[in-house]
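The values are calculated or read from the model by the stated rules, or taken from the named source; none is laboratory data. Everything quoted here is computed from the prediction, not taken from an experiment. Heads up, the Cβs are rebuilt from the backbone with ideal geometry, glycines too, and the neighbour counts pull from every protein chain shown.
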Amino acid sequence: MERLFKFLYQYRVFFSFLGLEFLCIWLVIRNNQYQGAQFFNTSNRLVASTVSVSQNVTGYFSLQDINRQLAAENARLRNELERRSLMPAPRVPVATPDSALAARFEFVSAKVINNSTLQYKNYITIDKGAADGIAPGMAAINELGAVGKVKQVSKHFAVLISVLNIDNQVSCLIKRTGYFGTAQWDGLDPRVIDLKYIPRHVPVQPGDTIVTSGYNAVFPPGVQVGVVQSAVVKEEGPFYDIKVLLSQDFGKLSFVEVVRSYLKAEKDSLETTLMEEK
């Protein structure tokens, strides 16, 4: 221990210099948008390349869970196929909800190569980018439910804002009643998220299913978010305090589907025009 103190004292000027250099770099990145964006993009590329091997090993040991999920999904699709095959064909072609959904959204499969769950602002890196048609603002889901939204992209990678991010808000509704609110993480439990702005007169009970509303044209409607764990309303409060148990286990996230909405640009343009007229 004495030698360690002597070493630190002997090179105190050098270590002070390094500390001040790191502080200056941090201040430049923190307070300048261009340098911050360049640092963010460069670090994403380095992290994506470095973590890729580690994530491949982790993905290998997750194959059992992934195969179980795929088997369940295949069984569901097979049952749906059998159900449709038993239905009589309509005399006049009609648009089904699936065809309407397909006309509005396109899905791009991607692998998760980096993921955090222990920060207040968590991000997810995937192995698809601008070359694959990924763009900022697109949603990401998988068979278990909502995952997040694309923040930035490079040619071959993209970074998502996780649902486990205190700045991320998702428009949701209670499936049983149809009342909608906003889901937002409070930065505490990575398995639980808050559902806000549900009026106190709405009947809410534990076990109610929470799904995306589709109102923001990013997430398709009806994507699973979770189930109500608890719903409490204070005597003087206008809204419930609702805790939702997430259907997505972000600690085991391996694959996502990025959702490209064909109608989002049209919707945003119309709403922007209306706001400008006001």
On the basis of being at pLDDT below 80, under 24 Å from the mean Cα position of the chain (by Cα), aliphatic (A, V, I, L, M) and farther than 20 Å from residue 111 by Cα, does residue 48 make the cut? no
Expected single match for charged (D, E, K, R) and over 15 Å from the mean Cα position of the chain (by Cα) among 167, 189 is 189
Within segment 177-189, restricting to residues that are among the small types (Gly, Ala, Ser) and farther than 14 Å from residue 121 by Cβ, the one that is modelled with the lowest pLDDT is 178
Residue set 147, 192; condition modelled with pLDDT of 95 or more and over 29 Å from residue 46 (Cα atoms); output residue 192
Here the residues within segment 224-266 that are farther than 19 Å from residue 112 by Cα, of a type in the set (A, V, I, L, M) and assigned to a loop (DSSP other than H, G, I, E, B) are 233, 263
Residue 214: modelled with pLDDT of 95 or more and out of contact with any Lys or Arg (no Cβ under 8 Å at 6 or more places or on another chain), yes or no?
no
Selection from segment 153-164 of residues buried (at least 18 other Cβ atoms within 10 Å of the Cβ) and either under 13 Å from the mean Cα position of the chain (by Cα) or of a type outside the set (A, V, I, L, M, F, W, C) (or both) yields 158, 159, 160, 161, 162, 163, 164
Of all strands (runs of 3 or more DSSP E) fully inside segment 106-223, the set with 1 or more residues that are farther than 23 Å from residue 251 by Cβ is 145-153, 169-174, 180-184, 192-196
Note on segment 198-240: residues surrounded by 15 or more Cβ atoms within 10 Å (Cβ to Cβ) and hydroxyl-bearing (Ser, Thr, Tyr) are 209, 212, 213, 240
